[in-house]
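Q: For reference, the structure I am asking about is given below.
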Amino acid sequence: MRYLVISDIHSNWEALKAVLEAAEGRYGRILCCGDLVGYGPSPNAVVDWARANVAAVVRGNHDKASCGISDAQDFNSVARAAALWTRQELSVENMNYLRSLPAGPLPIGGFQIVHGSVHDEDEYVFLPLDAQEDFDRLGYPLTFFGHTHQQGGFVRVAPHRINVVQAPRGAGITSADLELREREQYLLNPGSVGQPRDGDSRAAFAIYDQGQRGVVEYWRAPYDIAATQCAMASAALPEILIQRLALGR
Ligand code: ZN
């Protein structure tokens, strides 16, 4: 099976469209590591699409805040403003769908997906030290996570040796392969579709080819950032959220 693995779409329909075009014909099922909504201007378009097309999703912290499972009190002011705006925008069906999303970790079939970390759905795995804690409790050789909006992740090659997976750079549509090896453990982040923060403003995603040894392809695809920014301005979403899309920060 080949999976399209995405995360942190954040109501960015333009970015999602670019990802689906770049990935077309390359996968059988779609998995999402959470944060369908929050920050961006198109929550209903993204959730409508997810309900019809995504095989498995775990909830993210912005999904929880936007459907009232959490109160967004731990969010910064712009993130909270966007979450409250999203709450007013969402259709009843989409609100109910977000409320029904499971917390990770969610087993898929030989691997699992989470939003933050394996032991806490809201925790950030930024550093090898954070990853070490998770590697001790994984239970699966491969876990996909999101939340940090940074494409890449971590490989445990020996009990106390963790290598960082660097996201590939470039322009246009690019991809780079990571071949999975037996006896190694992987905590991999497909990157953020709708609000990348790793210095590359292109939409990020991964394709996991489970066949034989397994290969994870890291992809980037440019999208119409200006169109998303325009829609955000029309919705009067915070200016700082509009600007950061172009910076990839
Ligand atoms: Zn997020």
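The values are calculated or read from the model by the stated rules, or taken from the named source; none is laboratory data. In this text the structure is predicted, and so the values were computed from the model without any measurement. Every residue, glycine among them, receives a Cβ derived from its backbone with ideal geometry; neighbour counts consider all protein chains shown. The accessibility values were calculated without ligands, DNA or RNA, using every heavy atom of the protein model including side chains. Shrake-Rupley method; radii C 1.70, N 1.55, O 1.52, S 1.80 Å.
Q: Can GLN73 be described as open to solvent by 40 Å² or more (accessible area, probe 1.4 Å), over 28 Å from TYR140 (Cα atoms) and modelled with pLDDT under 95?
A: Yes.
Q: Could you pull out the residue among GLY172, GLY211, GLY146 that is at positive phi and either modelled with pLDDT of 95 or more or among the small types (Gly, Ala, Ser) (or both)?
A: Testing whether each residue is at positive phi and either modelled with pLDDT of 95 or more or among the small types (Gly, Ala, Ser) (or both) leaves just GLY172.
Q: Just one of (1) over 23 Å from ILE240 (Cβ atoms); (2) of a type in the set (A, V, I, L, M, F, W, C); (3) away from the ligand (no atom under 16 Å from the Cβ) trips up LEU84, so point out which.
A: Looking at each condition in turn, LEU84 falls short on (1).
Q: Could you please find all residues in the stretch 145-157 being more than 14 Å from the ligand (Cβ to nearest atom) and within 19 Å of GLY34 (Cβ to Cβ)?
A: GLY152, GLY153, PHE154
Q: Give the number of residues within the stretch 158-177 that are among the aliphatic types (A, V, I, L, M) and closer than 20 Å to SER117 by Cβ.
A: Number of matching residues: 4.
Q: For residues that are assigned to a strand (DSSP E or B) and farther than 18 Å from SER175 by Cβ, scanning just the stretch 1-35, find the one that is farthest from the ligand (Cβ to nearest atom).
A: ARG29
Q: All but one of (1) closer than 24 Å to ASP120 by Cβ; (2) polar (S, T, N, Q); (3) buried (at least 18 other Cβ atoms within 10 Å of the Cβ) hold for THR228, so report the exception by its number.
A: Answer for THR228: the failing condition is (1).
Q: Out of TYR27, TYR39, TYR3, I need the residue that is aromatic (Phe, Trp, Tyr), in contact (Cβ under 8 Å) with a residue 12 or more places away in the chain and over 17 Å from TYR218 (Cα atoms). Which one?
A: Step by step, each of TYR27, TYR39, TYR3 is checked, and only TYR39 is aromatic (Phe, Trp, Tyr), in contact (Cβ under 8 Å) with a residue 12 or more places away in the chain and over 17 Å from TYR218 (Cα atoms).
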